[in-house]
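A short worksheet on the structure shown next.
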Amino acid sequence: MGLLHAISLLIVFTALFSFINYRYLKVASAVGVMLVSLLFSVGIVIVGQIAPQLLAKTTEMIVKIDIQESFLEIILSSLLFAGTIHIDTKALLKESQTVIVLAVLAVIIATFITGSLLHFVLGLIGVHLPYIHCLLFGALIAPTNTVIVTAIFKQVKISKQLETDIAGESLFNDSIAIIVFLGILEITKAGNQNLEVMYLLKIFGREALGGIAYGLLLGYVGFRLLKTVHANKVDFLITLAIVVGGYDLAKILTVSAPLAIVMSGLTISALREREIHILEVAHNKKKIDEEIEYRKHVDVFWELIDETLNAVLFIFIAFEILAIKLRLDYVWAGITAIIVVLLARFISVAIVMPFTRIKAKRFRAIAIFTWGGIRGGISLALALSLTDQMSRDLIITLTYFVVVFSVLFQGLTIVSFVAKLQGNPTPKSNLPNIASDVNSKTPE
């Protein structure tokens with residue numbers, strides 16, 4: 001009953017946060033829920049100080065939930081699939097060189113820059129975090145939130161090419177970062193404190209290639225099933241089966257489950273676009289309208305899944321922070337991590353930018369990629385999956401600080417930031433509103 005009680009509380013809180021955001025704040029769902037959850041977490045900490053026993057049982061129940069099974073296995077796959085199902089694959093293919101360079105090379109570079117800088121700076125302020133654990137943090141903080149990034153950049157006046165690059169990079173850096181994270185995690189579990197780069201690359205190659213091949217097959221089979229049944233309830237169940245069952249089978253096959261889920265979602269999206277193109281050639285407007293309406297329902301379903309899971313993660317992390325009982329040195333470490341992550345993102349993007357198709361105004365593009373690298377649920381889930389032997393409390397604190405700063409400060413200022421970079425008038429509001437958040441994902 002403890003687990004059921006904790007889950008019911010999380011769902012109630014998530015619904016409450018969503019209602020408050022929709023009714024009063026009227027900002028993009030993920031940003032709004034984060035705002036309210038932050039206020040809630042502050043309230044929890046205050047209540048915990050005044051009446052420690054009042055929330056003790058709830059905190060204990062939530063902290064004791066098996067994160068490895070309930071989050072890393074299910075939530076990660078759902079978040080990844082939700083970020084792929086609405087992607088414009090035709091535009092993505094055109095920008096594939098840029099996306100691959102940014103999602104692969106930049107993520108790997110950022111992981112090592114973040115880990116190295118953090119290890120050095122934390123040592124200066126008297127906080128001990130082993131180098132291998134710093135690299136774990138560097139990998140888990142690399143993914144950006146695809147849904148938040150896509151929703152916000154739909155409202156920013158930038159070129160279609162740059163918008164596609166940002167969305168595509170955000171989509172693929174999730175899976176690449178998770179592969180790197182799992183590789184470092186395997187080395188950590190083996191007790192090897194000296195990072196073996198060749199071993200990590202071997203794991204990366206095996207899991208990446210296998211995950212891509214398996215994901216393509218999974219997506220094709222899923223599309224064929226979806227094509228034969230245009231019934232919302234059945235469609236939802238099929239996509240859920242692809243995510244949950246596909247993720248589990250990928251683990252059995254020892255290929256990258258995150259990358260497989262991303263590729264399956266992209267395959268379904270690409271085949272759906274091809275289906276509409278065929279109908280357009282045949283001038284079958286009735287069928288086109290039916291197909292678009294069907295896609296809309298599936299997309300909205302997965303948007304809801306994404307927003308709910310992100311909200312649950314934010315609440316979980318708040319209770320984890322309450323259980324950790326923040327120390328002053330952890331607070332300084334969190335502030336340090338914010339600066340280090342931003343600097344590592346800037347350096348890594350700047351290093352690989354010459355190898356992309358972005359030729360004009362590169363510094364502006366680097367600045368947009370840096371400030372637009374908004375973190376979210378995937379980083380939180382990976383941090384929560386760590387064990388106590390991997391500096392879990394400190395890494396959770398660092399992750400929480402970075403994600404909070406990323407969503408609140410970067411997420412709420414990116415519109416005006418880009419406007420100023422491009423010399424455009426600053427919009428009346430920087431807040432991504434709910435209507436545009438939803439409509440930006442509605443198929444045209």
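Which condition from (1) touching a residue at least 40 places away in the same chain (Cβ under 8 Å); (2) surrounded by fewer than 18 Cβ atoms within 10 Å (Cβ to Cβ); (3) in contact with a Ser or Thr (Cβ under 8 Å, 6 or more places away or on another chain); (4) assigned to a helix (DSSP H, G or I) is the one that Ile335 breaks?
Just one mismatch for Ile335, condition (3).
Please verify whether region 355-371 includes one or more residues that are out of contact with any Ser or Thr (no Cβ under 9 Å at 6 or more places or on another chain), buried (at least 17 other Cβ atoms within 10 Å of the Cβ) and modelled with pLDDT under 85.
no
Which condition number does Lys227 fail, the rest of (1) in contact (Cβ under 8 Å) with a residue 24 or more places away in the chain; (2) part of a helix (DSSP H, G or I); (3) under 27 Å from Ile176 (Cα atoms); (4) open to solvent by 30 Å² or more (accessible area, probe 1.4 Å) being met?
(3)
Yes or no: Ser116 of a type in the set (Ser, Thr, Tyr) and closer than 27 Å to Leu328 by Cα? Steps first, please.
On the way: of a type in the set (Ser, Thr, Tyr): yes; closer than 27 Å to Leu328 by Cα: yes.
In short, yes.
Just checking, does region 135-157 include any residue being open to solvent by 10 Å² or more (accessible area, probe 1.4 Å), among the charged types (D, E, K, R) and more than 20 Å from Ile395 (Cβ to Cβ)?
Checking region 135-157: at least one residue is open to solvent by 10 Å² or more (accessible area, probe 1.4 Å), among the charged types (D, E, K, R) and more than 20 Å from Ile395 (Cβ to Cβ).
Restricting to region 86-108, and then to whatever is open to solvent by 50 Å² or more (accessible area, probe 1.4 Å) and at pLDDT 85 or above, can you tell me which residue is nearest to Asp329 (Cα to Cα)?
Leu105
Between a residue in region 93-108 that is among the small types (Gly, Ala, Ser) and any residue that is part of a helix (DSSP H, G or I) and open to solvent by less than 20 Å² (accessible area, probe 1.4 Å), which pairs come within a Cβ distance under 6 Å, given they are 6 or more apart or on different chains?
Ala103/Glu169; Ala103/Asn173; Ala103/Ile176; Ala106/Ser348; Ala106/Val349; Ala106/Val352
Limited to region 349-388, what total is found for residues that are under 23 Å from Val156 (Cα atoms) and assigned to a loop (DSSP other than H, G, I, E, B)? Quick ask: steps written out before the conclusion?
Keep residues of region 349-388 that are under 23 Å from Val156 (Cα atoms), which gives 349-350, 353, 356-377.
Now restrict to residues that are assigned to a loop (DSSP other than H, G, I, E, B): 356-361, 372-376.
Residues flagged as under 23 Å from Val156 (Cα atoms) and assigned to a loop (DSSP other than H, G, I, E, B) within region 349-388 amount to 11.
Of everything in region 182-225 that's basic (Lys, Arg) and modelled with pLDDT under 75, which residue is nearest to Thr239 (Cα to Cα)? Write out each step before concluding.
We begin by selecting, within region 182-225, every residue basic (Lys, Arg); these are 189, 202, 206, 224.
When the remaining residues are screened for being modelled with pLDDT under 75, the result is 189, 202, 206.
Numbers: Lys189: 33, Lys202: 31, Arg206: 26 Å.
Checking each candidate, the answer is Arg206.
Enumerate the pairs (first residue in region 174-194 and farther than 30 Å from Thr150 by Cα; second residue anywhere and modelled with pLDDT under 80 and in a loop (DSSP other than H, G, I, E, B)) with beta-carbon separation below 9 Å, excluding pairs fewer than 6 apart on the same chain, so at least 6 apart or on different chains.
Ile187/Gln193; Ile187/Asn194; Ile187/Leu195; Ile187/Glu196
The values are calculated or read from the model by the stated rules, or taken from the named source; none is laboratory data. These figures come from a predicted structure and were not determined experimentally. Heads up, the Cβs are rebuilt from the backbone with ideal geometry, glycines too, and the neighbour counts pull from every protein chain shown. Heavy atoms of the whole protein, side chains included, go into the accessibility calculation; ligands, DNA and RNA do not. Shrake-Rupley method; radii C 1.70, N 1.55, O 1.52, S 1.80 Å.
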